[in-house]
Amino acid sequence: MRLSPMRVLVLGGDGFCGWPTALHLSAQGWDVTIVDNLSRRNIDNELEVQSLTPIRTMGERIKAWKEVSGRDIGFVNMTVGKEFDRLVALIRDLTPDSVVHFAEQRAAPYSMKSARHKLYTVDNNINATNHLLAAIVESGLDVHLAHLGTMGVYGYGTAGLRIPEGYLKVTVETDNGPAEQEILFPPNPGSIYHMTKTQDALLFQFYARNDGLRITDLHQGIVWGAQTAETRLDERLINRFDYDGDYGTVLNRFLMQAAVGYPLTVHGSGGQTRAFIHIQDTVRCVELALNNPPKRGDRVKILNQMTESRRVRDLARMVADMTGAEVHNVPNPRQEADENDLVVANDQFRELGLKPITLAEGLMQDVTEIARRYAERADLSRIPCVSAWNQRRAKALESQARPCASSPGSPNILTA
Ligand SMILES: O=c1ccn([C@@H]2O[C@H](COP(=O)(O)OP(=O)(O)O[C@H]3O[C@H](CS(=O)(=O)O)[C@@H](O)[C@H](O)[C@H]3O)[C@@H](O)[C@H]2O)c(=O)[nH]1
């Protein structure tokens, strides 16, 4: 029996999912090292926006965790997709059992902002994944890789199909009659960001088959909530909270908008149905994935990391009923279906023992309270989503923009 703690590298451990995951794994007894180039903080500078919650420097975060838990977390400042030799040396030096890979630009609107943002997202994300896979091979070590992927690889036009976990059963005609096969689910990304995750999936297929790498790809839905058991322990451990039009995700945005008295920004009819998961379940799922890796020689293990599907307008209604907020239907900057159904299989995590947190009012109030507590840090001019997917959407935004601001800084609402 192994007595030393399991070792894990958390790439992208400074981000919204990475930081609470690093803390959770450390609390569970894993020996954690964060690898991050702090790019998310630099993008805040570029966009001239900041996390609603006052996040601390990496040094302060790690010091606070040591004080609170008595446990050490290591930190290496590195760009995963650019510093190959350092990455190989780090893996050889630390001999991790697992690597969790969050080190990608994760916002669809940011990836669609301009040509430069498309190039950056493709370059950063695909190189990070390829460098990591090649580095694991180069190290000669048997390291399990768990990657944070997205539900968005499936697309949202699956016409009532219960979306399986990564692989689709198909019947093909052969000379001996019909035969069943399982193929990788056909990718159908809705943004450059989502497209990079579909490319990652191909890299995983190749390295698993060619080099026998053990890989888990977690197809995660939209995360909501802000805090986990560990980030709540001390204000210095607080997680980031994005509310701006590029990085804020829909439910957290609605809860924040309600808290600061800004009408809820439903894109189009709000008939878009998406998969959701609470941040506490995210960290639990990553732990479950690390504790249940595929065997060497197995195909890539793909799990749908979501707990429930909801329609955007239903979420807006729930938040409005809870808080009294107004709901505005605004022109949709995205090239996406106005209405879609979404039924998703998540049997594997349930079989591993996940007891999903659902959209209970109590937890939504928790987020609202955080938003209220830090409301004075909000810059309301950063709330509208202004990154358009294409010229047609950009024109629709421009032509329908009718500022109703009565004073500087008040909501610049677009009416449909
Ligand atoms: O103020 C808003 C913001 C968004 N939406 C709509 O809400 C839906 C979801 O948007 P989102 O920004 O919450 O989520 P998305 O861009 O899909 O991306 C997020 O969720 C993905 C999971 S999934 O959506 O692909 O399942 C992750 O991969 C990404 O990293 C994460 O940023 C979209 O139809 C969008 O048009 C609104 O109606 N109003």
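The values are calculated or read from the model by the stated rules, or taken from the named source; none is laboratory data. Just so it is clear, the structure is predicted and the values come from calculations on it, not from any experiment. Don't worry about glycine lacking a Cβ; one is built from the backbone with ideal geometry, like all the others, and counts go over all protein chains shown.
Pull out all pairs, ordered by first then second residue, where Cβ-Cβ is under 8 Å, the residues are six or more apart or on different chains, the first lies in the stretch 347-370 and is of a type in the set (Gly, Ala, Ser), and the second is not in a loop (DSSP other than H, G, I, E, B).
Close Cβ pairs satisfying both conditions: Gly353/Leu288.
Here are some residues: Glu336, Glu351. Which one is within 16 Å of the ligand (Cβ to nearest atom), out of contact with any Asp or Glu (no Cβ under 9 Å at 6 or more places or on another chain), modelled with pLDDT of 95 or more and under 27 Å from Leu168 (Cβ atoms)? Working first, answer last.
Numbers: Glu351 fails: within 16 Å of the ligand (Cβ to nearest atom).
After ruling out the rest, the residue left standing is Glu336.
Under 8 Å between Cβ atoms, which residue pairs at least 6 apart in sequence (or on different chains) link something in the stretch 166-194 that is part of a strand (DSSP E or B) with a partner that is hydrophobic (A, V, I, L, M, F, W, C) and within 16 Å of the ligand (Cβ to nearest atom)?
Pairs that qualify, where the first residue is part of a strand (DSSP E or B) and the partner is hydrophobic (A, V, I, L, M, F, W, C) and within 16 Å of the ligand (Cβ to nearest atom), are Tyr167/Phe185; Tyr167/Ile302; Leu168/Phe185; Leu184/Ala201.
Within the group Thr323, Thr368, which residue is away from the ligand (no atom under 14 Å from the Cβ), more than 22 Å from the chain's Cα centre (by Cα) and surrounded by 14 or more Cβ atoms within 10 Å (Cβ to Cβ)? If you could, list the steps in order and put the result at the bottom.
Numbers: Thr368 fails: more than 22 Å from the chain's Cα centre (by Cα).
Answer to the selection: Thr323.
Is it true that some residue in the stretch 388-401 is in a loop (DSSP other than H, G, I, E, B), at pLDDT 95 or above and not aliphatic (A, V, I, L, M)? Talk me through it step by step, then tell me what you get.
Here is the first cut: in the stretch 388-401, the residues in a loop (DSSP other than H, G, I, E, B) are 388-390, 401.
Checking the rest, the ones that are also at pLDDT 95 or above come to 388-390.
Next cut, not aliphatic (A, V, I, L, M) only: 389-390.
Yes: the stretch 388-401 contains one or more residues that are in a loop (DSSP other than H, G, I, E, B), at pLDDT 95 or above and not aliphatic (A, V, I, L, M).
Please work out which residue is farthest from the chain's Cα centre (by Cα), limiting yourself to the stretch 93-117 and to residues that are under 30 Å from Pro5 (Cβ atoms) and in a helix (DSSP H, G or I).
Applying the first criterion (under 30 Å from Pro5 (Cβ atoms)) to the stretch 93-117 yields 93-104, 106.
Those still in the list that are in a helix (DSSP H, G or I) too: 93-94.
On the way: Asp93: 29, Leu94: 26 Å.
It comes out as Asp93.
Would you confirm whether or not the stretch 368-376 contains a residue that is farther than 18 Å from Met318 by Cα, of a type in the set (Asp, Glu) and in a loop (DSSP other than H, G, I, E, B)?
no
Residues in the stretch 215-222: is at least one over 20 Å from Trp19 (Cβ atoms), surrounded by fewer than 21 Cβ atoms within 10 Å (Cβ to Cβ) and not hydrophobic (A, V, I, L, M, F, W, C)?
Applying the first criterion (over 20 Å from Trp19 (Cβ atoms)) to the stretch 215-222 yields 215-217, 219.
Then drop every residue that is not surrounded by fewer than 21 Cβ atoms within 10 Å (Cβ to Cβ), which leaves none.
Within the stretch 215-222 (the criterion being over 20 Å from Trp19 (Cβ atoms), surrounded by fewer than 21 Cβ atoms within 10 Å (Cβ to Cβ) and not hydrophobic (A, V, I, L, M, F, W, C)), the answer is no, since none of the residues qualifies.
Determine which single condition Ala388 fails, assuming it passes every other condition in (1) farther than 21 Å from Thr231 by Cα; (2) aliphatic (A, V, I, L, M); (3) away from the ligand (no atom under 14 Å from the Cβ); (4) touching a Leu at 6+ places or on another chain (Cβ under 9 Å).
Checking Ala388 against (1) farther than 21 Å from Thr231 by Cα; (2) aliphatic (A, V, I, L, M); (3) away from the ligand (no atom under 14 Å from the Cβ); (4) touching a Leu at 6+ places or on another chain (Cβ under 9 Å), the one that fails is (3).
Tally time: how many residues in the stretch 238-266 are among the β-branched types (Val, Ile, Thr), within 14 Å of Glu369 (Cα to Cα) and either modelled with pLDDT under 95 or not in a loop (DSSP other than H, G, I, E, B) (or both)?
Of the residues in the stretch 238-266, the ones among the β-branched types (Val, Ile, Thr) are 238, 249-250, 260, 265-266.
Subsequent filtering for residues that are within 14 Å of Glu369 (Cα to Cα) retains 238, 260.
Going one step further and asking which of them are either modelled with pLDDT under 95 or not in a loop (DSSP other than H, G, I, E, B) (or both), we end up with 260.
Residues flagged as among the β-branched types (Val, Ile, Thr), within 14 Å of Glu369 (Cα to Cα) and either modelled with pLDDT under 95 or not in a loop (DSSP other than H, G, I, E, B) (or both) within the stretch 238-266 amount to 1.
Is it true that some residue in the stretch 17-24 is under 27 Å from Asn252 (Cβ atoms), assigned to a helix (DSSP H, G or I) and of a type in the set (Val, Ile, Thr)?
Start the filter on the stretch 17-24 by keeping residues that are under 27 Å from Asn252 (Cβ atoms), which leaves 17-24.
So of that shortlist, the ones also assigned to a helix (DSSP H, G or I) come out as 18-24.
Adding the requirement that they be of a type in the set (Val, Ile, Thr) leaves 21.
For the stretch 17-24, residues under 27 Å from Asn252 (Cβ atoms), assigned to a helix (DSSP H, G or I) and of a type in the set (Val, Ile, Thr): present.
Is it the case that the stretch 241-249 has a residue that's surrounded by fewer than 20 Cβ atoms within 10 Å (Cβ to Cβ) and without any contact (Cβ under 8 Å) to a residue 40 or more places away in the chain?
yes
Could you tell me which residue of the stretch 195-218 is farthest from the ligand (Cβ to nearest atom), considering only residues that are touching a Ser or Thr at 6+ places or on another chain (Cβ under 6 Å) and closer than 22 Å to Asn346 by Cα?
Among those that are touching a Ser or Thr at 6+ places or on another chain (Cβ under 6 Å) and closer than 22 Å to Asn346 by Cα, it is Asp200.
With respect to the numbered conditions (1) within 16 Å of the ligand (Cβ to nearest atom); (2) touching a helix residue (DSSP H, G or I) at 6+ places or on another chain (Cβ under 7 Å); (3) free of Cβ contacts under 8 Å to residues at least 60 places away in the same chain, which one is the sole condition not fulfilled by Tyr120?
All conditions pass for Tyr120, except number (2).
Going through Gly270, Gly297 one at a time, which residue ends up being buried (at least 16 other Cβ atoms within 10 Å of the Cβ) and either under 27 Å from Glu182 (Cα atoms) or near the ligand (Cβ under 9 Å from one of its atoms) (or both)?
Working: Gly297 fails: buried (at least 16 other Cβ atoms within 10 Å of the Cβ).
Residue meeting the stated conditions: Gly270.
Here's a check for you: in the stretch 296-320, which residue that is in a helix (DSSP H, G or I) and over 20 Å from the mean Cα position of the chain (by Cα) is nearest to Glu369 (Cα to Cα)? Reasoning before the result, please.
First, pick out the residues of the stretch 296-320 that are in a helix (DSSP H, G or I): 312-320.
Filter once more, keeping what is over 20 Å from the mean Cα position of the chain (by Cα): 313-314, 316-320.
Values: Arg313: 22, Asp314: 21, Ala316: 17, Arg317: 19, Met318: 16, Val319: 13, Ala320: 15 Å.
So, considering only residues that are in a helix (DSSP H, G or I) and over 20 Å from the mean Cα position of the chain (by Cα), the one nearest to Glu369 (Cα to Cα) is Val319.
Taking Ala128, is it among the small types (Gly, Ala, Ser) and either touching a Phe, Trp or Tyr at 6+ places or on another chain (Cβ under 9 Å) or at positive phi (or both)? Step through it out loud before you land on a result.
Details: among the small types (Gly, Ala, Ser): yes; either touching a Phe, Trp or Tyr at 6+ places or on another chain (Cβ under 9 Å) or at positive phi (or both): no.
No.
Within the stretch 219-245, track down each residue that is acidic (Asp, Glu) and either away from the ligand (no atom under 14 Å from the Cβ) or over 26 Å from Asp321 (Cα atoms) (or both). Talk me through it step by step, then tell me what you get.
First pass over the stretch 219-245, keeping only residues acidic (Asp, Glu): 230, 234-235, 242, 244.
Across the stretch 219-245, the qualifying residues are Glu230, Asp234, Glu235.
What number of residues within the stretch 45-83 are outside any loop (DSSP other than H, G, I, E, B) and among the aliphatic types (A, V, I, L, M)? Break it down stepwise before answering.
Going through the stretch 45-83, the residues outside any loop (DSSP other than H, G, I, E, B) turn out to be 45-47, 58-69, 73-77.
Those still in the list that are among the aliphatic types (A, V, I, L, M) too: 47, 58, 62, 64, 68, 73, 76.
Of the residues in the stretch 45-83, 7 are outside any loop (DSSP other than H, G, I, E, B) and among the aliphatic types (A, V, I, L, M).
Could you look through the stretch 171-193, keep only residues that are β-branched (Val, Ile, Thr) and more than 16 Å from the ligand (Cβ to nearest atom), and pick out the one that is farthest from Cys285 (Cα to Cα)? I'd like the intermediate steps shown before the answer.
Initially, the stretch 171-193 is screened for residues β-branched (Val, Ile, Thr), giving 171-172, 174, 183, 192.
Still in the running and more than 16 Å from the ligand (Cβ to nearest atom): 171-172, 174, 183.
Numbers: Thr171: 32, Val172: 34, Thr174: 39, Ile183: 25 Å.
Of everything passing the filter in the stretch 171-193, Thr174 is farthest from Cys285 (Cα to Cα).
To keep it simple, each residue is scored yes or no on (1) farther than 29 Å from Asp281 by Cα; (2) among the small types (Gly, Ala, Ser).
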| site | (1), (2) |
| --- | --- |
| Thr95 | no, no |
| Phe102 | no, no |
| Leu141 | yes, no |
| Ala159 | no, yes |
| Lys169 | no, no |
